[in-house]
Amino acid sequence: MPEKLHTRFEDSDGDDAGKTAVRPQKKEQVDVADPVIKETREKKNKKRKREETADVKPNTQRVVIRDGEKSRNASSAQESDQKRDVKEVSNGFKSQKHQSKDQKMIRQGKPSSTLREKARALYEIRKKLPIFPHADEIRQQLKKDDVMLLVGETGSGKSTQIPQFLADESWCRPKTVKVTEEDGKQKDVSVGGCIAITQPRRVAAISLARRVADEMGTPLGSSSPASRVGYSVRFDTSTSPSTKVKYLTEGMLLQEMLHDPWLTKYSAVLVDEVHERGVNVDLVLGFLRNIVSGKKEGRGGIPLKVIAMSATADMESLLSFFKEGFDNAQSTGTDGTNASDGALDHQDSERDEKQGQVAVCHIKGRQFPVKTIYTPEPVHDFVDAALKVIFQIHCKEPMPGDILVFLTGQETVEALEYLVNDYAIGMDPALPKVQVLPLFAALPQAAQQRVFQPAPPRTRKIILATNIAETSVTISGIRFVVDCGKAKMKQFRTRLGLDSLLVKPISKSAAIQRKGRAGREAPGQCYRLYTEKDYLTLQETNTPEILRCDLSQAILTMKARGVDDIVDFPFLTRPPREALEKALLQLFNIQALEESGKISSIGLQIAKLPLTAPLGRVLLAAAQNGPNCLLDVIDIISSLSVENIFLNTTSEEKKEEAEKARRDLFRREGDHLTMLATVQAYAAENTDRKAWAERHMVSHRAMQSVMDVRKQLTTQCRQAKLLPDANTCASIANNQPDPVLILKSFLTGFATNTARIVPDGSYRTIVGNQTVAIHPSSVLFGKKVEAIMYNEFVFTNRSYARGVSAVQMDWVGEVLAGQ
DNA sequence: GAGCACTGC
């Protein structure tokens, strides 16, 4: 794998791909085949660039909540100084000779001199990060307080530096304490020693770990037993026995809590990007609040330090969230200060006074000023308005300076793409050219990558993006942002039991985020296609995901970690009672809960699986139907776990081609068996899977994820003794699938996702009697069968069932009767 | 004959 090797060298040399001096190298990087690696690197390079130019003396004030938009300018002299620094660093560490010496040293378990040199050089850059002067202040605060809320704006260095500030603190050393177990016996347990930093995304966790390992001069993760920095994400964990700083996804931390609810490994948990407010971060914060404000029995009274970090956090609600935890504990006498098992040292008395205090810290980031321009009047057609603004900028503003336009979806992106290209034809030839680049998730990877390539000379890039560009992707060269003020958002409607995808106004913090994209490298401008008055009426922050999604997963997660009564769980934002009840009922219906509301053994098994509750239930039902059925169901579930295994067809011509190519994979029983046929054919292809995928118009990238999930699920099923060993599985692998058994397994988890045909030929849901149409992407589209079962019920322009198979009414009856 | 932002175990 020369490419991977190459990648690693590139990644570890602290290079800055954005500089002219190393341009040729950048080109080489972009050509690497693996899109994931490419993406990670792309991001990291951007990040480095930001970090290395972040040299302004910051303003830090405690307990200040203010407009996160304020930005400051950097002195260009300092900036160029720093670039020189980085160049020296990178030049020293590129040769393969060094690298192999490195590797040898790593094998011996000693940090190599090159690693140390590199760390030393990086230290010069770290010193200039806005957060750096606050190291002592942060350390002092955390000696006193167990909870800290930290607002660090983009580029402040919080995610990389804080773990390093804390790693050598005395409270961060492992301690052996006596813990009373459930059976009443006392046991010696080692508590603490490690710092966890959670991230919402996998790429972020891995690239931060890599960066911090470089800065600390230690090898990364499992490459050496002496490594002090590691990471843990799904499909990829890299830690060592001496890991002190561990980056992990929120989901991974929740998974660890399943086996270790007291997080005994950790002395501190840093929760990063709290403002994104995904469901997992809300759950993590709830569990952490319970630990910090409780007696910490399972930790022998040893405190756990919690730092919630974010770019634009709603600090007031976080502050009252944690304070409420301490207040409740004090009033009921369950707080840590009452622990009398002698595990705490003399600091105990000091802690007593400080109990309930939450430190707040605000650190300015480094952003260039961005001027905001509103439309004087409300706009009724933002595509049209965007077109005008784009050409206004293009005609008026000097080069360089690319334009990033935020739109709502593929449809508006493509409409504007057409208009801009059309308009550009009649443009004054004296003007620079324009290059229009669409960017949305459904776009093939190669097309997405085009936005990262520099524009040809005398050409302005115009990137038309969905909110993929808000968090997931960073593009350099942007000086102008055009923001339509809207986004498509998914909302789960409890009463109807369906997901709706609707165009909605964005929040103020999302608008600020979008605007910030113009000020990464130089002063910029942001054109908002709405009035200032409209801006002021926007919601402050994004609606937390926990208010917008089906809660069954979250509740199962809680119950499996010992929260019996969800009413007592500290929600940062409490979901409406109705939503909680509906989710409880759903879990009860699939036998994940007992009538008392306690989690059942089925529920516990489901909670361990990396699947939604209904899919987990399906897997267990399939296990009851024998290993043959289970293996087939794993294949189907794996493809349901990735968004779309079939490539999107754009043109009419391609559509026919695709249909022909996929004909041998299609099954009349429906989408589930079609997916099974596809996964099995792909897996059976031993020579060139990529070519096979191309021939069948199947996404190779998606199939690679399918294979990852499939492997994870079979491994877990084997550990849970639901599947026999690999050899036995191999011998049954060639058996013909049994469609009835497979579909009946699915009905166990999806009995309420069924509809029957009515005389006019449409389908009505069996529970609720709502009209539902088969989604055009389904192989059953336009077909009429007795009844259908579906995995998803979504509302866009009308109600659609997606992931559809034909079932018989009496099967549905059987399962519903069994409930 | 429709069209779908983004994560995560």
In the stretch A:113-218, the GluC sites (Glu not before Pro) that sit in a DSSP loop and have at most 13 other Cβ atoms within 10 Å of their own Cβ are A:Glu181, A:Glu182
Determine the per residue accessible area of the stretch A:656-797 with all protein chains present and a 1.4 angstrom probe, expressed in square angstrom.
52
With a cut-off of at most 16 other beta carbons within 10 Å, and DSSP calling the residue loop, which trypsin sites (Lys or Arg not before Pro) in the stretch A:582-687 qualify? Please list them.
A:Lys598, A:Arg668
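Where does each of A:458-466, A:622-630 land if you order them by average Cβ count within 10 Å, highest first?
Packing proxy ranking, top to bottom: A:458-466, A:622-630.
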Charge tally for neighbours of A:Asp688 with beta carbon under 11 Å away, counting Lys, Arg as +1 and Asp, Glu as -1, is +1
Which far-off residues, 5 or more places away or on another chain, put their amide H under 5 Å from the one on A:Leu498, with H placed in the peptide plane?
A:Arg493
Between A:Asp810 and A:Gln140, with labels modelled 7 Å along Cα→Cβ, what's the label distance in nm to one decimal, could you check?
7.9
Which stretch or stretches of the stretch A:698-726 have amide N atoms under 15 Å from the point lying 7 Å from A:Ala681's Cα along the Cα→Cβ direction?
A:698-700, A:703
Of the listed pairs A:Lys323/A:Lys490; A:Lys265/A:Lys305; A:Lys144/A:Lys185; A:Lys388/A:Lys515; A:Lys433/A:Lys488; A:Lys364/A:Lys515, those with alpha carbons more than 22 Å apart are A:Lys323/A:Lys490; A:Lys144/A:Lys185; A:Lys433/A:Lys488
First compute the accessible area of the stretch A:613-686 with a 1.4 Å probe, then give the percent of it belonging to carbon and sulfur atoms.
44
Given a Förster distance of 45 angstrom, what is the FRET efficiency for A:Leu604 paired with A:Arg120, based on the Cβ-Cβ distance and rounded to 0.05?
0.35
Which net charge results when you count Lys and Arg as +1 and Asp and Glu as -1 among the other residues whose beta-carbon is under 12 Å from that of A:Val567?
-2
Loop only per DSSP, at most 15 neighbouring Cβ atoms within 10 Å: give me the GluC sites (Glu not before Pro) in the stretch A:517-625, ordered by residue number.
A:Glu540, A:Glu594, A:Glu595
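The values are calculated or read from the model by the stated rules, or taken from the named source; none is laboratory data. Owing to the predicted nature of the structure, the values given are computational and were not obtained by experimental measurement. So basically every Cβ, Gly included, is an ideal-geometry build from the backbone, and we count neighbours across all protein chains shown. The area values use the complete protein model at the heavy-atom level, side chains included, leaving out ligands, DNA and RNA. Shrake-Rupley method; radii C 1.70, N 1.55, O 1.52, S 1.80 Å.
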